[in-house]
Amino acid sequence: MTYIHLFGLSIKDITLDEAGANIVADAKRNNRCKVFFLNAHCINVAANDANYLRALQDRALLYADGSGMRQAAKLAGFWLKDNVNGTDLFPIICREAAREQINLALLGARPGIAQQCADNMKKQFPHLNIVWTHDGYFHPNDAESIIQSINDSGAQILLVAMGVPNQELWITHHAEKLQTPIIMGVGALFDFYSGIMPRAPYFIRKLGLEWVFRLMMEPKRMFARYVLGNPVFMMRVLWRRLKGKKILQQQSLIHNIQQPR
């Protein structure tokens, strides 16, 4: 099991297929785990939101998502095995869950979207059990009844689609009350698999340019995240790299001074 350390966070380096199999295996064994995905936007949010950063550091399993994180890892001397993002991981989890008869629950997105996502995935995987769905538009006072409903459903993997950082904060706050072994924050995943939001063609994703496609689809909503946020993220990457080089130079200088003549 390999972990890399970026931006003060411990990130599991693994392939998509391995991640999917491990998540379903943990659900089957009742091994409790929170699963979060980290992209460039997440790093920018964490730099300014202490509560979100604490949620990421609170015994969560973290995966690197997107070309920005791949570039950050490369500059830090690591080569990631895969782009482990929730959207590509979801059908793998569904495939493995159908095979192992693991129950899924979907919470989040606008009314009707989670159910449409569930219907579409059950068509693709006829033996898949998605036992519970609910939209993300509920009053905070209703959280207890939502949690009880999830627990009563027998779900073993819960996917929460509320966007960063809301989903991670909600999961962290309620994890102890939820009986679901695996709880995942999945962003816009339900929108993609319900069919209301088109996803970038495969060749664009392979080029690491899915963010450009999303910007074209939602220019107003995504402008700050990508046009402003991506340069900020790269500045953070370069600053850490420069800072790391200075520390290495200082350590080398101290080592040389301490060497006997």
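May I ask you to list the chymotrypsin sites (Phe, Trp or Tyr not before Pro) in region 134-209 that are in a DSSP loop and have at most 15 other Cβ atoms within 10 Å of their Cβ? Kindly include the intermediate steps, with their values, before the conclusion.
Working: sites: Tyr137, Phe138, Trp170, Phe190, Phe192, Tyr193, Tyr202, Phe203; in loops: Tyr137, Phe138.
Qualifying residues, ordered by number: Tyr137, Phe138.
For region 34-113, with only Lys/Arg (+1) and Asp/Glu (-1) charged at the beta-carbon, what is the dipole magnitude about the Cα centre, in debye rounded to 20? Before the final figure, lay out the partial values.
Working: 9 positive and 7 negative charges, 10 e Å.
Rounded to the nearest 20 debye, it is 40 debye.
Using DSSP to call loops (not H, G, I, E or B), can you name the trypsin sites (Lys or Arg not before Pro) in region 166-237 whose Cβ has at most 15 other Cβ atoms within 10 angstrom? List each step's numbers first, then the result.
Working: sites: Lys177, Arg199, Arg205, Lys206, Arg214, Lys220, Arg221, Arg225, Arg236; in loops: Lys177, Arg199.
Answer by residue number: Lys177.
Compute the distance in nm between two label points, each set 7 Å from the Cα along the Cα-to-Cβ direction, one at Lys220 and one at Arg240.
3.4
So for region 100-238, what are the equivalent ellipsoid semi-axes in whole Å, largest first, each being the square root of 5 times an eigenvalue of the Cα gyration tensor? Please report the intermediate quantities before stating the final value.
Numbers: eigenvalues 167, 75, 38 Å².
Output for region 100-238: semi-axes of 29, 19, 14 Å.
Considering amide H positions built from the backbone, and no H for Pro or chain starts, which residues 5 or more places from Cys33, or on another chain, come under 5 Å of its amide H?
Residues meeting the amide H criterion: Ile182, Ile183.
Please list the non-local residues whose amide H lies under 5 Å from the amide H of Gly108, H modeled 1.01 Å from N, same-chain partners needing a gap of 5 or more.
So Gly108 has HN proximity to His134, Asp135, Gly136, Ala161.
From the helices alone, meaning DSSP H stretches of at least four residues, give me the mean residue ellipticity at 222 nm for the chain, per-run term -39500 (n - 2.57), in deg cm²/dmol to the nearest 500. Each step should come with its number before you reach the end.
On the way: 13 runs with 140 residues, N = 261.
Helix contribution divided over all residues of the chain: -16000 deg cm²/dmol.
GNM on the chain, C-alpha springs below 10 Å: top fluctuator among Pro181, Pro91, Pro140?
Ranking Pro181, Pro91, Pro140 by mean-square fluctuation puts Pro140 first.
Can you run phi through the Karplus equation (6.51, -1.76, 1.60; θ = phi - 60°) for region 133-141 and list ³J(HN,Hα) in whole Hz, with x for Gly and Pro?
Result, rounded to whole Hz: 9, 7, 6, x, 9, 9, 6, x, 5.
Place a +1 charge on the Cβ of each Lys and Arg in the chain and a -1 charge on the Cβ of each Asp and Glu, then give the dipole magnitude about the Cα centre in debye, rounded to the nearest 20.
Values: 30 positive and 21 negative charges, 255 e Å.
My answer is approximately 1220 debye.
So for the chain, taking the charge dipole from beta-carbon charges (+1 Lys/Arg, -1 Asp/Glu), which of Leu189, Gln116, Gly8 sits furthest toward the positive end?
Result: Gly8, furthest along the dipole toward the positive end.
Accessible area, 1.4 Å probe, largest first: how do Arg59, Arg70 sort?
Highest to lowest solvent-accessible surface, that is Arg59, Arg70.
In percent, what relative contact order does the chain have, based on Cα pairs under 8 Å that are 6 or more apart in sequence?
On the way: 410 pairs, mean separation 54.6, N = 261.
Dividing the mean separation by the residue count of the chain yields 21 percent.
The values are calculated or read from the model by the stated rules, or taken from the named source; none is laboratory data. These figures come from a predicted structure and were not determined experimentally. Don't worry about glycine lacking a Cβ; one is built from the backbone with ideal geometry, like all the others, and counts go over all protein chains shown. With ligands, DNA and RNA removed, areas are computed over all heavy atoms of the protein, side chains included. Shrake-Rupley method; radii C 1.70, N 1.55, O 1.52, S 1.80 Å.
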